[in-house]
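Data first, discussion second: the structure below is written as structure tokens.
Just so it is clear, none of the values below were taken in a lab; they were calculated from the coordinates. Quick caveat, the model's predicted, so the values are computed rather than measured. Positions of Cβ are backbone-derived with ideal geometry, glycine not excepted, and every protein chain shown enters the neighbour counts.
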Amino acid sequence: MAHLEVNGTRLHYEDAGTGPALLLLHGWGTSGRVWYSCLPDLVRDHRVITLDWRGCGRSDHPVEGNTIGGVTADLAAVIEELGVKPTVVGSSIGGIFATELALARPELVERVVAVDSPGYWPSTGMLEQVRDLRRQLVDDRAGTVAGWVPGWFAAGAARELVDWTIRQLLDSGVYIDELFTECTAYDPRPRLKELAVPITYLHGELDAQIPLEVPRACAAETPGARVHVLAGCGHVPHQENPRAFTAALREIA
């Protein structure tokens, strides 16, 4: 285990393996632990860096900087400090961070893999749901998280996996909720034509949070983009079917 101090915030990361670098970014409120089932395969021939971004997991939970721009700036600083040019793999909102990093600092990124990334959906297809979620987290954080997280997974996911994910969210800081407010006005599509880094949209076939139309619409705006659908998976395919996920990622990176 190791930590880096960037932008006044202490970030936890793990770094293992040798070969082409992967930087794995978790989704809202979880931590780098969500990648654990994938690591034994990936570290065989990749350098794999998992990061708890600010406000989450074992990193600091600061009041300030919990924005897309703030997290993106942290990622740039981490990459520069570690001296790598990774493929950045971002789950859910982590896919937004990866995309924004590639738009802002393409020289730091080999390629992007956006895993079930919400893209423009929080500001369009689920706008009222996101606003309600933001309010409910204030009124009953534990109950809201417990009711929401099971829908991340396709039918048949182990209850233990769902419960473990809930615990990670409840262990993270409350200030990251500001990201929901920001996402209600977020739409990357007008800028995706400027993306100079290769991107693949890796998406669970059965994602009940973000429909397949979202990665397909984003890919249509992005030169050279690919969409890869993982059969039988929901919103977190790297946790639901790590073997299928790592096989797909290996094709890309």
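In table form, for the structure just shown:
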quantity	calculated
Residue list for the range 153-176, given a label point 7 angstrom along the Cα-to-Cβ vector of Arg243 and an amide N cut-off under 17 Å	157-158
Estimated FRET transfer efficiency (His61, Asp140; beta-carbon r; R0 30 Å; 0.05)	0.90
For peptides 139-152, 11-24, sequence by mean Cβ density within 10 Å, most packed first	11-24, 139-152
Tensor-based shape of the range 56-120 (alpha-carbon gyration tensor, a/c under 1.5 rounded, otherwise prolate or oblate)	oblate
Packing-based ranking, highest mean first, of 222-231, 124-133 given that Cβ atoms within 10 Å are counted	222-231, 124-133
Amide H within-cut-off set for Ile199, under 5 Å, with H built and near neighbours excluded	Val112, Arg226
Loop-resident sites, the range 15-114, for trypsin sites (Lys or Arg not before Pro), counting at most 14 other Cβ within 10 Å (DSSP)	Arg44
Estimated FRET transfer efficiency (Glu5, Glu107; beta-carbon r; R0 22 Å; 0.05)	0.45
Pairwise label distance in nanometres, Glu205 with Val43, each label 7 Å out on the Cα-Cβ vector	3.2
Distance in nm between pseudo-label sites at Ala77 and Tyr36 (7 Å out along the Cβ direction from Cα)	2.8
Cα gyration tensor category, rounded, prolate or oblate, for the range 97-147 with a/c compared to 1.5	prolate
Gap separating the Cα centres of the range 107-146 and the range 179-194, nearest whole Å	12
Cα centroid of the range 221-246 to Cα centroid of the range 24-55, whole Å	15
Packing rank of 93-106, 191-204, where each peptide gets the mean count of other beta carbons within 10 Å, highest leading	93-106, 191-204
Stokes-Einstein D for the range 184-233, Kirkwood Rh over Cα pairs, 20 °C, 1.002 mPa s (µm²/s)	186
Helix-only CD estimate at 222 nm, as mean residue ellipticity for the chain, using -39500 (n - 2.57) per DSSP H run (n ≥ 4)	-10500 deg cm²/dmol
Kirkwood hydrodynamic radius of the range 73-220, from inverse mean 1/r over distinct Cα pairs, in Å	16.5
Cα-Cα pairs of the chain separated by more than 35 Å (percent)	5
Net length gained if the chain between Glu221 and Arg131 were fully extended (0.36 nm per residue, minus Cα distance)	29.7 nm
At R0 = 35 Å, FRET efficiency that the Cβ-Cβ distance of Glu213 and Val174 yields, to 0.05	0.65
